[in-house]
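The values are calculated or read from the model by the stated rules, or taken from the named source; none is laboratory data. Just so it is clear, the structure is predicted and the values come from calculations on it, not from any experiment. Here the Cβ positions follow ideal geometry from the backbone for every residue, glycine too, while neighbour counts run over all protein chains shown.
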Amino acid sequence: MNYRPFKDVQVAEVGLGTWQLGSADWGNINEDEALKILQAYTDAGGNFIDTADVYGMGVSEAIIGKFLQSVNKEIFVATKLGRRGDAGNGWPQNFTYDAMKRHAEESLRHLGVSQLFLEQLHCIPTEEMRSGKVFDNLRKLQQEGLIRYFGASVETSEEALICLEQEGLASLQIIFNLFRQHVADEVFARAKEKGVALIIRVPLASGLLSGKFREDTVFADKDHRHYNANGESFNAGETFSGIEFGEGVKLAGNIKTLLPDERMAEWAIRWILDHPEVTTVIPGASKISQVNSNVAASGLQPLPSSVHEQLRKLYNEQIHSKIRGHY
């Protein structure tokens, strides 16, 4: 595993996303399996785990908290707030200081830590980011010692640029993959200029860029790739990076022909890591084999510039116009 700087620490360039460990929106993963996935990731040298308070409404955080009790190395856990919709929560009440403090304190309890390494806004409304009040609240939580750093997870380049104007922003989490290449043109240079870490989410386009799906692949009813395939429940751009599933399977096949060999998921992550502005990539994993595949990307040699050029040409000509949802 290779590492890259995140403020004053070094984090694994391949992190671990844990939406799936909440046993919500990806099908069920029991606690024992989840702990084995976390163990496999850290055994491979990983030290950066991303979660959120709404992943199973605390389930993902609590499993990570249990895992942390058995680990004798430093693990950097990033969590998120802002999307709670349970009793007494929701928009816009989630964005008051009192609510944000309460949610951060609940994450602290779930994770069993005295300070959150990184607290991130979780794809909240654009107008809330633009007003700046949520960032004032995060700065106050930082001053009080509840959080070490703060950042934001966003859906669009516009939102990314709004956040990058905020003093003290440590990180920006954004969708960037072979189905969303233009983000580098719009955001990366500004993030580098501001010294803001880039955390790349949805790197495999909800699994499409693993190259393992067929047009007749069926997902479980509770899997967001079933119930949100066309944006029925939340932003269509979050699932399959906004590409219609059948079209995405075909396009993934076209991408695969340009890669050095059959290890499509590994090369798709390597392609992201070839961008020096990137700090870490956070693919999820519901199996140990997926953890191993994801981590292996760190050991691959960078793709040749000629391959990068071919992949961008394919994106410009066949993919970009097919993205749906907010991006």
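Of the residues making up the stretch 3-23, those that are over 8 Å from Ser60 (Cβ atoms) and either among the hydrophobic types (A, V, I, L, M, F, W, C) or assigned to a strand (DSSP E or B) (or both) are Tyr3, Arg4, Pro5, Phe6, Val9, Gln10, Val11, Ala12, Val14, Leu16, Gly17. Out of all the residues in the stretch 153-200, which are assigned to a loop (DSSP other than H, G, I, E, B), surrounded by fewer than 22 Cβ atoms within 10 Å (Cβ to Cβ) and within 15 Å of the chain's Cα centre (by Cα)? Matches in the stretch 153-200: Glu155, Thr156. Scanning the stretch 246-289 for residues that are out of contact with any Leu (no Cβ under 7 Å at 6 or more places or on another chain), of a type in the set (S, T, N, Q) and in contact (Cβ under 8 Å) with a residue 12 or more places away in the chain turns up Thr280, Ser286.
Taking the criterion of being of a type in the set (Ser, Thr, Tyr) and within 17 Å of Glu119 (Cβ to Cβ), the residues of the stretch 15-73 that qualify are Thr18, Thr51, Tyr55, Ser60. Acidic (Asp, Glu) and touching a Pro at 6+ places or on another chain (Cβ under 8 Å), is that true of Asp261? No.
Note on the stretch 267-287: residues that are in contact with a helix residue (DSSP H, G or I) (Cβ under 6 Å, 6 or more places away or on another chain) and either at pLDDT below 95 or hydroxyl-bearing (Ser, Thr, Tyr) (or both) amount to 3.
Table: residues versus (1) assigned to a helix (DSSP H, G or I); (2) in contact with a His (Cβ under 9 Å, 6 or more places away or on another chain); (3) farther than 28 Å from Leu161 by Cα.
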position	(1), (2), (3)
Glu74	no, no, yes
Thr79	no, yes, no
Met100	yes, no, no
His110	yes, no, yes
Met129	yes, no, no
